[in-house]
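Trainee: One structure is given below, represented as structure tokens, and several questions about it will come after.
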Amino acid sequence: MDPVDALRRIAFLLERDQAATYRVQAFRKAAATVGAMTGHEIAERVASGSLESVRGIGPKTAQVVREALAGEVPGYLQRLEAAAADPLMEGGETLLALLRGDCHLHSDWSDGGSPIEEMGRTAIELGHEWAVLTEHSPRLTVANGLSPERLRRQLEVVAALNEQWAPFRLLTGIECDILPDGSLDQEDRLLEQLDVVVVSAHSKLRMDARAMTRRLVAAVRHPQANVLGHCTGRLITGRGRPESEFDADEVFAACAEAGTAVEINSRPERLDPPRRLLRRAVDAGVLFAIDTDAHAPGQLDWQIFGCARAEECGVPAERVITSWPVEELLAWS
């Protein structure tokens, strides 16, 4: 098999299984290094045993290259594929089969770890018909949020990629920070140009419940808001972070009235909203977006976590916007 494909697949499977970042980076760096070499150079280095002398290629990645060029499925990849044959979790398969896209993913333009091209290519390989690129907004400097100028440049990049990727569509978007007063952290005229706007709170998550309720209600009622991202802001692994306190019924009622979808965030450390709130959102009649919030290509395969929770809590499939064809999604947004 192609050695670059083998290295990329290994990195994907490691990310999917939440392996240490340094392990993933070793294979992605090697894939980029080998991809920049000519076939003749690779063959010569394999023959001379000098692959490891190339910066970015180590003993394990070199062995993958050698085995791939010998017409074998590399042993490292075989072991990962065998482990991947077991599902990430039980449940959610029926809803997952209906999904067509993902409304929330990041590239290395903000705090993701891979180029836009790699994220889009992986979405295509997973069978997505569309995906939305949603970098962070300007004031989230810790996540390298995009200024208006950088976002405008990204729109041009996305347009060029879509010419190559048709019929797959990479939609333009943003994960726009909800400021403490409920306003959005980007120019309204620029938000109007985007296909999908995800609005999320990332700061002052412990503010008073009444103030947080007003903040979220104002945000979901913004004319350009399409999806309310990870609504409680909780983290359930590591040191963790408690849920923001707010009147969920009031916020979900505002979402239903405004037509703003509630995100079912599939990241294992978020799984937001909690089941009790997800059931209340179902009762409120809101739309839903089952998203990965992926910051790396392998994380694009995490939608099963959100699908399982959605099925468990009785989310109607027809109210899941990530199951819609792109034309329907764009007409709605």
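The values are calculated or read from the model by the stated rules, or taken from the named source; none is laboratory data. Predicted model, so just to flag it, every value in this text is computed and none were measured. Don't worry about glycine lacking a Cβ; one is built from the backbone with ideal geometry, like all the others, and counts go over all protein chains shown. Quick note on the areas: whole protein, heavy atoms, side chains included, nothing else; ligands and nucleic acids left out. Shrake-Rupley method; radii C 1.70, N 1.55, O 1.52, S 1.80 Å.
Trainee: Given a cut-off of under 8 Å on Cα pairs at least six residues apart, what relative contact order in percent is computed for the range 192-249? Please list the in-between numbers first.
Mentor: Values: 71 pairs, mean separation 25.2, N = 58.
Relative contact order of the range 192-249: 43 percent.
Trainee: Amide H to amide H, which residues 5 or more places from Asp195 or on other chains are under 5 Å from it, using H placed in the peptide plane?
Mentor: Distant-sequence amide H within range of Asp195: Thr172, Gly173.
Trainee: Quickly work out the Ala209-to-Arg279 label distance, labels modelled 7 Å from Cα along the C-beta direction, and quote it in nm with one decimal.
Mentor: For the pair Arg279/Ala209, the computed spacing is 1.8 nm.
Trainee: Can I ask one more? Expressed as a rounded percentage, what relative contact order does the chain have, with Cα pairs under 8 Å and six or more residues apart? Intermediate results must be reported in sequence, preceding the final value.
Mentor: Numbers: 635 pairs, mean separation 58.8, N = 333.
That works out to 18 percent.
Trainee: Another question about this same structure. So what are the ³J(HN,Hα) numbers for the range 263-275, from phi and the Karplus equation (6.51, -1.76, 1.60; θ = phi - 60°), rounded to whole Hz, Gly and Pro as x?
Mentor: In residue order, the calculated couplings are 6, 9, 7, 8, 4, x, 7, 10, 6, 10, x, x, 4 Hz.
Trainee: Suppose accessible area is computed on protein heavy atoms with a 1.4 Å probe; arrange Met1, Met207 from highest to lowest. Write out the running numbers ahead of the final one.
Mentor: On the way: Met1 90, Met207 45 Å².
Greatest to least solvent exposure: Met1, Met207.
Trainee: So what J values fall out for the range 151-157 if you push phi through Karplus, 6.51 cos²θ - 1.76 cosθ + 1.60 with θ = phi - 60°, rounded to Hz, Gly and Pro as x?
Mentor: Per-residue couplings from phi come out as 5, 4, 5, 5, 4, 5, 5 Hz.
Trainee: How much solvent-accessible surface does Tyr76 expose, in Å² to the nearest 10, with a 1.4 Å probe and all protein chains in place?
Mentor: Rounded to the nearest 10, that gives 40 Å².
Trainee: Towards the positive end of the charge dipole of the chain, with charges on Cβ (+1 Lys, Arg; -1 Asp, Glu), say which of Val65, Trp165, Gly314 has the farthest Cα.
Mentor: Positive-end residue among those listed: Val65.
Trainee: Among Thr33, Thr21, Thr134, what's the order by accessible area (1.4 angstrom probe), most exposed first? Can you show the working numbers first?
Mentor: Numbers: Thr33 30, Thr21 90, Thr134 0 Å².
Descending accessible area places them as Thr21, Thr33, Thr134.
Trainee: Measure off, as a whole percent, the carbon and sulfur share of the 1.4 Å-probe accessible area of the range 1-92, all protein chains present. It would help to have the intermediate numbers written out before the result.
Mentor: Details: 2610 of 4910 Å².
Of all accessible area on the range 1-92, carbon and sulfur atoms account for 53 percent.
Trainee: Which whole-number percent is the relative contact order of the range 275-333 (Cα, under 8 Å, 6+ apart)?
Mentor: On the way: 40 pairs, mean separation 24.5, N = 59.
Relative contact order for the range 275-333 comes out at 42 percent.
Trainee: How many Å² of accessible area per residue for the range 102-163, probe 1.4 Å?
Mentor: Numbers: 2500 Å² over 62 residues.
I get 40 Å² per residue for this part.
Trainee: So how do 297-310, 85-98 stack up, highest first, on mean other-Cβ count within 10 Å? Can you show the working numbers first?
Mentor: Working: 297-310: 24.6, 85-98: 13.4.
Top of the packing list down: 297-310, 85-98.
Trainee: Let me ask something else about it. Can you sort Val251, Val282, Val73 by solvent-accessible area, 1.4 Å probe, largest first? Don't skip to the answer; put the middle values down first.
Mentor: Numbers: Val251 0, Val282 20, Val73 75 Å².
In descending accessible area the options line up as Val73, Val282, Val251.
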